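The values are calculated or read from the model by the stated rules, or taken from the named source; none is laboratory data. Quantities reported herein were computed from a predicted structural model and do not represent experimental measurements. Positions of Cβ are generated from backbone atoms using ideal geometry, with glycine treated the same way; all protein chains shown enter the neighbour counts.
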Amino acid sequence: MPKDIIGKCLLLDLIKRADMSQIELSELTGISKQQINEYISNSRTMSLFNAKIIANVLRCSIDDLYEWKL
C-alpha cells in the first residue's frame with residue numbers, strides 16, 4: 001500500500017478497547033509480538049492478510065486499523 005494514503009496505525013486504541021494486551025493479540029493471531037509492536041509504532045505497515053486476521057480478532061473493519069488520507 002502506498003504510504004502517502006496511510007496515516008497513523010490505530011491498533012493500540014483498538015486493543016485497549018477490546019480489553020486485550022498486545023501479547024494476547026499476538027497469541028490469537030499468530031503474528032509475532034515484535035510485528036504487532038512495529039505496526040503500533042508505525043515502523044511497519046500491515047499486509048492485507050494480517051490486517052484481515054487482526055480485524056477479525058478485534059471484531060472491527062480493516063478500515064478501522066489506520067487513519068486514511070483519502
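Being within 13 Å of Leu11 (Cβ to Cβ) and of a type in the set (D, E, K, R) is the filter here; which residues of segment 27-47 pass it? So that I can check it myself, show each step before the final result.
Going through segment 27-47, the residues within 13 Å of Leu11 (Cβ to Cβ) turn out to be 29, 31, 33, 35-46.
Scanning segment 27-47 gives Lys33, Glu38, Arg44.
Filtering segment 23-35 down to residues that are farther than 23 Å from Trp68 by Cβ and of a type outside the set (Val, Ile, Thr), which residue is surrounded by the most Cβ atoms within 10 Å (Cβ to Cβ)? Walk me through it before giving the result.
Filtering segment 23-35 down to residues farther than 23 Å from Trp68 by Cβ leaves 23-24, 26-28, 30, 32-34.
Imposing the further condition that a residue be of a type outside the set (Val, Ile, Thr) reduces the set to 24, 26-28, 30, 32-34.
Values: Glu24: 13, Ser26: 16, Glu27: 13, Leu28: 14, Gly30: 9, Ser32: 10, Lys33: 13, Gln34: 10.
The qualifying residue surrounded by the most Cβ atoms within 10 Å (Cβ to Cβ) is Ser26.
Check segment 42-49 and report whether any residue there is touching a Phe, Trp or Tyr at 6+ places or on another chain (Cβ under 6 Å) and at pLDDT 95 or above.
Going through segment 42-49, the residues touching a Phe, Trp or Tyr at 6+ places or on another chain (Cβ under 6 Å) turn out to be 46.
Checking the rest, the ones that are also at pLDDT 95 or above come to 46.
Checked against the condition, which is being touching a Phe, Trp or Tyr at 6+ places or on another chain (Cβ under 6 Å) and at pLDDT 95 or above, segment 42-49 yields at least one hit.
I'd like the full set of residues that are in contact (Cβ under 8 Å) with a residue 12 or more places away in the chain and over 18 Å from Phe49 (Cβ atoms), limited to segment 21-36.
First, the residues of segment 21-36 that are in contact (Cβ under 8 Å) with a residue 12 or more places away in the chain: 22, 25, 28-31, 35-36.
Correct list: Gln22 only.
Could you check how many residues of segment 23-62 are of a type outside the set (Ser, Thr, Tyr), under 10 Å from the mean Cα position of the chain (by Cα) and assigned to a helix (DSSP H, G or I)?
Adding up the residues that qualify gives 14.
If you go through segment 36-51, how many residues are touching a helix residue (DSSP H, G or I) at 6+ places or on another chain (Cβ under 8 Å) and surrounded by 14 or more Cβ atoms within 10 Å (Cβ to Cβ)?
9
Counting only residues that are surrounded by 14 or more Cβ atoms within 10 Å (Cβ to Cβ) and closer than 13 Å to Glu67 by Cα, which one in segment 1-22 is modelled with the lowest pLDDT? So that I can check it myself, show each step before the final result.
Of all residues in segment 1-22, those surrounded by 14 or more Cβ atoms within 10 Å (Cβ to Cβ) come to 6, 9-12, 14-15, 18, 20, 22.
This time we only want the ones that are closer than 13 Å to Glu67 by Cα, so: 6, 9-12, 14.
Details: Ile6: 90, Cys9: 96, Leu10: 98, Leu11: 98, Leu12: 98, Leu14: 98.
For segment 1-22, the residue satisfying everything is Ile6.
Looking only at segment 55-70, how many residues end up being touching a residue at least 12 places away in the same chain (Cβ under 8 Å) and more than 16 Å from Lys8 (Cα to Cα)? Explain how you work it out, then say what you get.
Step one: filter segment 55-70 for residues touching a residue at least 12 places away in the same chain (Cβ under 8 Å), giving 57-60, 62, 64-70.
Within this subset, residues satisfying the condition of being more than 16 Å from Lys8 (Cα to Cα) are 57-60.
Final tally of qualifying residues: 4.
Looking at Lys69, Lys33, can you tell me which residue is of a type outside the set (A, V, I, L, M, F, W, C) and either farther than 14 Å from Ile6 by Cβ or modelled with pLDDT of 95 or more (or both)? Explain how you work it out, then say what you get.
Working: Lys69 fails: either farther than 14 Å from Ile6 by Cβ or modelled with pLDDT of 95 or more (or both).
Exactly one residue qualifies, and that residue is Lys33.
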